[in-house]
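Asker: The structure under discussion is supplied below as structure tokens; questions concerning it will follow.
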Amino acid sequence: MSLEESMERFWKIESLVMKDGYSPEERRCEQLFQTTTTRDKDGRYIVRLPRHPDFGVRLGASKTSAKRRFELLEKRFVRNAKLKEEYHAFMKEYYELGHMRLVRDELPEPVESYYLPHHPVFKESSTTTKIRVVFDGSSKTTSGYSLNEALCVGPVVQDELLDQLLRFRTYRVSLVGDIAKMYRQILLHPDDRQLVRIFFRFSTQQPVRIYELNTVTYGLAPSSFLATRALIQLADDEGGAYPRAGPALRKNFYVDDFIGGANSVEEATLLRDELAELLLKGGFELRKWTSNCPDVLRGLDESQIGTTSKMSFASHEAVKTLGISWVPQEDWLLFEGLCQPDTDIITKRSVLSTIAKMYDPLGMIAPIVIRAKMIMQEIWTYSCDWDDALPAGIVSKWKQLQQEIQSLSQYRMERYLMVHARMYGVKSRDEFG
């Protein structure tokens, strides 16, 4: 994540936005989804890309720039054989799963087309894929606009992050999971696939070929809307037969993450099974199941469980859910790796980058975040470039705050909020039996 993206997320988390309805563009996206979305014989959703009213004017040529970006990528492969191996493995799976197809050479160039540059993103914390290929819909065309600027974003259709996290703290038995390759389980309408073309080849002995992506993918402006709206549609279409999973599909998903629970092991297990069955009707697979009660996970294959130690949780093993760290065994929320002491010259860039990573959607370390904001404000009063050394006064305040932040690694907070439940005969998590 870039510094700009980190800063944007930091300020978004700190603001509460009241929305009283959709904008005209958002209503247009919703209407398009309702009138054009269909399902195939396996139940998978087929969606259209929502185009801006000026789509034809905004979308220019992109083939030359995308080809140049691919040539640069192949030069990286020459320098890094491991990257090449993992990248090719990712793309091979992409192709074999039917998520992209080869375009026949004899086919004419479409009147409207877009070629997506692509690049690797690394995620060392992932328990599944360490490298992911991301497609760049923000690459400019010859008109000066990108594909993303020629498409509409769409509205947010799931509950806000804060609502999700607060609800998570009210369930005696917690249950967390995510949808495998969620975006790629939703098909793009064939008429839109010429807008998501890429250059690739699996061997330098072959010519560079053109592929089209068959599914919704990361990197496009409307992808989040299309994917999350498909989940809501699945709840509309099939949820009536699932009294537990139907409401949970509407209220307890944040993009592809399920974060919910129940008040007993039996109810949580039924919820888990219902959700898995309901989502399969739309072609979605739930995985990485985790709970504060291992009994809820009995009957699952080890590959479906989200902790590295599977059924017997390792002591203090933390799981990331919606950006927060949760230790299932002790049912704690904690903070990991918030701030590493600076060893180099302290600059505007290094300080702001660290502050932007203080992810605290529940406000549990608000006093620390407020002090960090005060330092941020003071930095902006100085006319200095991003990589200039900061004045001694600010450096002193920052080092002191860094030392205090280190102690947060020992800070723990109970996930389950309903401590008064004992008054009504509800057992604690230590009494699950």
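Asker: With N denoting the number of residues in the chain, provide Rg(C-alpha) divided by 2.2 N^0.38 Å, to two decimal places. Working shown, then result.
Answerer: Values: Rg = 23.8 Å, N = 433, 2.2 N^0.38 = 22.1 Å.
Normalised Rg, Cα atoms only: 1.08.
Asker: Which number comes out as Rg/Rh for segment 141-192 once both Rg and the Kirkwood Rh are worked out on C-alpha atoms?
Answerer: On the Cα set of segment 141-192, Rg over Rh gives 1.16.
Asker: Let me ask something additional. In whole Hz, what ³J(HN,Hα) sequence does segment 108-118 give by Karplus (6.51, -1.76, 1.60; θ = phi - 60°), x for Gly and Pro?
Answerer: x, 5, x, 4, 10, 8, 9, 10, 8, x, 9
Asker: Further question: Could you rank Leu275, Leu161 by how accessible they are, 1.4 Å probe, largest area first? The partial results should precede the final answer.
Answerer: Working: Leu275 0, Leu161 20 Å².
Putting Leu275, Leu161 in descending order of accessible area: Leu161, Leu275.
Asker: Oh, and also: Under 20 Å Cα-Cα from Lys75, which lysines qualify once same-chain neighbours fewer than 8 residues away are excluded?
Answerer: Lys63, Lys67, Lys84, Lys92
Asker: Label Ile232 and Phe122 with points 7 Å out from Cα along Cα→Cβ: what is the distance between them in nm?
Answerer: Here the modelled spin labels are 3.8 nm apart.
Asker: What is the set of long-range amide H partners of Ser146 at a cut-off below 5 Å, with H atoms built 1.01 Å from backbone N?
Answerer: Long-range HN contacts for Ser146: Thr141.
Asker: When N counts the residues of segment 39-185, how does its alpha-carbon radius of gyration compare numerically with 2.2 N^0.38 Å, as a ratio? Write down the numbers at each step before the final one.
Answerer: On the way: Rg = 19.3 Å, N = 147, 2.2 N^0.38 = 14.7 Å.
The value comes to 1.31.
Asker: Right, next: Around Gly56, with a cut-off of 15 angstrom between Cβ atoms, what is the net charge of the other residues, counting Lys and Arg +1 and Asp and Glu -1?
Answerer: Details: positive: Arg51, Arg58; negative: Asp54, Glu112, Glu149, Asp191, Asp192.
Combined, the nearby Lys, Arg, Asp and Glu give -3.
Asker: Still on this structure, I have one more. Residues with amide H under 5 Å of Arg51's amide H, sequence separation 5 or more or different chain, H placed in the peptide plane at 1.01 Å from N; which?
Answerer: Amide H to amide H, under 5 Å and 5 or more residues apart or across chains, Arg51 pairs with Cys152.
Asker: For the pair Glu160/Ala366, report the inter-label distance in nm, with labels modelled 7 Å from Cα in the Cβ direction.
Answerer: 1.4
Asker: Another question, then. Kindly write out, for segment 143-153 in residue order, the coupling ³J(HN,Hα) from the Karplus curve 6.51 cos²θ - 1.76 cosθ + 1.60 (θ = phi - 60°), rounded to whole Hz, with x marking Gly and Pro.
Answerer: Calculated HN-Hα couplings, in order: 7, x, 9, 9, 4, 4, 7, 9, 10, 9, 6 Hz.
Asker: Moving on. Report the calculated FRET efficiency for Ser396 and Tyr95 (r = Cβ-Cβ distance, R0 = 60 Å), to the nearest 0.05.
Answerer: Details: r = 56 Å, r/R0 = 0.93.
Result of the calculation: an efficiency of 0.60.
Asker: How much length is gained if the chain between Gln410 and Val134 is pulled fully straight, taking 0.36 nm per residue apart and subtracting their Cα-Cα distance, in nm to one decimal? Let's see the in-between values first.
Answerer: Details: separation 276, 0.36 × 276 = 99.36 nm, distance 3.56 nm.
That pair, Gln410 and Val134, stretches by 95.8 nm at full extension.
Asker: Consider just the alpha-carbon atoms of segment 180-222 and return their Rg together with their Dmax, both in angstrom.
Answerer: 12.3, 36
Asker: Another question about this same structure. Between Tyr22 and Lys41, with labels modelled 7 Å along Cα→Cβ, what's the label distance in nm to one decimal, could you check?
Answerer: My value for the distance between the label points is 3.2 nm.
Asker: Another one. Using alpha carbons only, how many angstrom separate the centre of segment 174-199 from the centre of segment 392-417?
Answerer: Spelled out, the Cα-based centre of one part sits 39 Å from the other.
Asker: Hey, what do the phi angles of segment 176-185 turn into as Karplus ³J(HN,Hα) couplings, whole Hz, using 6.51/-1.76/1.60 and θ = phi - 60°, x for Gly and Pro?
Answerer: 10, x, 8, 8, 5, 6, 4, 4, 7, 8
Asker: Would you pull out the residues with amide H under 5 Å of Arg209's amide H, same chain only if 5 or more places away, H placed 1.01 Å from N?
Answerer: Amide H to amide H, under 5 Å and 5 or more residues apart or across chains, Arg209 pairs with Phe200, Arg201.
Asker: Please work out the FRET efficiency for the pair Val111 and Lys67, using the Cβ-Cβ distance as r and a Förster radius of 25 Å; give the result to the nearest 0.05. The partial results should precede the final answer.
Answerer: Values: r = 19 Å, r/R0 = 0.78.
Efficiency for this residue pair is about 0.80.
Asker: Please give every one of the aspartates and glutamates within straight-line cross-link reach of Lys397, meaning a C-alpha to C-alpha distance under 18 Å, and leave out same-chain neighbours fewer than 8 residues apart.
Answerer: Hits, sequence-local ones excluded: Asp342, Asp344, Glu378, Asp388.
The values are calculated or read from the model by the stated rules, or taken from the named source; none is laboratory data. Bear in mind that the values here come from a model prediction, so they are computed numbers and not experimental data. Neighbour counts are summed over all protein chains in view; Cβ atoms, including those assigned to glycine, are modelled from backbone coordinates with ideal geometry. Remember, those area values only see protein heavy atoms, side chains included, never the ligands or the DNA or RNA. Shrake-Rupley method; radii C 1.70, N 1.55, O 1.52, S 1.80 Å.
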